[in-house]
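The values are calculated or read from the model by the stated rules, or taken from the named source; none is laboratory data. The structure presented is a predicted model; accordingly, all values stated were derived computationally and were not measured. Positions of Cβ are backbone-derived with ideal geometry, glycine not excepted, and every protein chain shown enters the neighbour counts.
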Amino acid sequence: MEARAYLRGVRISPRKVQIVLDLIRNKPTNVALAILRNTPKAASEPVAKLLKSAMANAENNHSMDKNHLYVAECFVTPGMIMKRIMPRAQGRAFRINKRTSHITIVVKEQE
């Protein structure tokens with residue numbers, strides 16, 4: 001039995017989110033929340049909210065015990081890329097890619 005939570009279109013680059021997700025993979029949920037609370041990264045706040053959502057899904061939708069949950073899977077995929085233009089010298093225009101992320105967290109109950 002597993003519970004999932006998705007967060008789509010977060011305005012953070014997938015590379016930056018992946019660093020935070022690597023910290024919490026295969027950890028108990030209470031330890032993962034403590035790690036996210038003390039990690040000074042921009043991605044740690046939305047990932048913490050998403051982890052709490054996955055825990056609530058497990059407890060309310062699948063009747064799992066929230067004290068025995070752990071982060072079974074967590075991954076990020078690239079979302080939409082907003083393309084912007086930055087004016088540069090001599091009338092040139094440089095492209096700026098504002099990247100977004102789709103984050104998925106799966107929690108399972110320990111046996």
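Observations on the model:
- Filtered residues of the stretch 53-78 (kept if in a helix (DSSP H, G or I) and either more than 12 Å from L7 (Cα to Cα) or aliphatic (A, V, I, L, M) (or both)): A54, M55, A56, N57, A58, E59, N60, N61, K66, N67, H68
- For the stretch 55-96, the set of residues classified as surrounded by fewer than 18 Cβ atoms within 10 Å (Cβ to Cβ), of a type in the set (V, I, T) and closer than 13 Å to L21 by Cβ consists of T77 only.
- Of the numbered criteria (1) surrounded by fewer than 16 Cβ atoms within 10 Å (Cβ to Cβ); (2) free of Cβ contacts under 8 Å to residues at least 40 places away in the same chain, the one T39 fails is (1).
- Of the residues making up the stretch 75-111, those that are under 23 Å from the mean Cα position of the chain (by Cα) and at pLDDT below 95 are E109, Q110.
- Condition check for K52 on (1) touching a Leu at 6+ places or on another chain (Cβ under 8 Å); (2) crowded, with 16+ Cβ neighbours inside 10 Å: one failure, at (2).
- For the stretch 10-35, the set of residues classified as touching a Phe, Trp or Tyr at 6+ places or on another chain (Cβ under 9 Å), more than 14 Å from L69 (Cβ to Cβ) and either touching a residue at least 60 places away in the same chain (Cβ under 8 Å) or exposed (fewer than 14 other Cβ atoms within 10 Å of the Cβ) (or both) consists of L21 only.
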